[in-house]
Amino acid sequence: MVQRVGSFVHLQLNREAPENSCRPAADPLFRSAAKAWGPAVLGVVLTGMGQDGMLGAGALVAAGGTVLAQDEATSVVWGMPGAVVRAGHAAAVLPLGAIATEILRRTLALRRTAATA
């Protein structure tokens, strides 16, 4: 989980009950990141079973953040990214080999935007 304390951001393990039968789980991570960083968050959902991450991705998007999802063709299991895509939360659906480049591109663009603001 991510928690903002003043100008500092802390990462901590979630000791609460499992969510989506998972702990750690993507949904609470994404929700806490959305709360801490708002529109500066870039979430990535990779291959995985179930729908964990779908609700949290919605929280990221609602906070102005961006979500990338791995495409079905390169996913071993398209459950998690597929749920995010079907919910309409993914800004881009990419093959695994293109995700790192897209993270870098978007991160650099955000830094340039912040530098000119």
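None of the figures in this text is laboratory data; all of them are computed from the coordinates on show. Because the structure is predicted, anything quoted here is derived from the model rather than measured. Using ideal geometry, Cβ is built from the backbone for each residue, glycine included, and neighbour counts are taken over all protein chains shown.
Number of residues in segment 14-43 that are among the basic types (K, R) and not in a loop (DSSP other than H, G, I, E, B) equals 2. Scanning for something over 25 Å from R112 (Cβ atoms), polar (S, T, N, Q) and out of contact with any Pro (no Cβ under 8 Å at 6 or more places or on another chain), does segment 33-48 turn up at least one residue? The answer is no, given that none of the residues of segment 33-48 is over 25 Å from R112 (Cβ atoms), polar (S, T, N, Q) and out of contact with any Pro (no Cβ under 8 Å at 6 or more places or on another chain). When you go through (1) surrounded by 12 or more Cβ atoms within 10 Å (Cβ to Cβ); (2) in a helix (DSSP H, G or I); (3) among the aliphatic types (A, V, I, L, M) one by one for V93, which number turns out not to apply? Status for V93: all satisfied but (2). For G64, the conditions (1) in contact with a Leu (Cβ under 9 Å, 6 or more places away or on another chain); (2) surrounded by fewer than 15 Cβ atoms within 10 Å (Cβ to Cβ); (3) in a loop (DSSP other than H, G, I, E, B) all hold with the exception of (1). So the check is Cβ under 6 Å with 6+ separation or different chains; which pairs have a first residue in segment 64-84 that's closer than 18 Å to W37 by Cβ and a second one that's in a strand (DSSP E or B) and of a type outside the set (S, T, N, Q)? Listed by first residue and then by second, the contacts come to T66/L42; V67/G43; L68/V44; L68/A92.
Tally the residues that are within 23 Å of T66 (Cβ to Cβ) and surrounded by fewer than 12 Cβ atoms within 10 Å (Cβ to Cβ), restricting the search to segment 8-23. Going through segment 8-23 one residue at a time, the tally reaches 2.
What about A26, is it of a type outside the set (S, T, Y), touching a residue at least 40 places away in the same chain (Cβ under 8 Å) and crowded, with 19+ Cβ neighbours inside 10 Å?
yes
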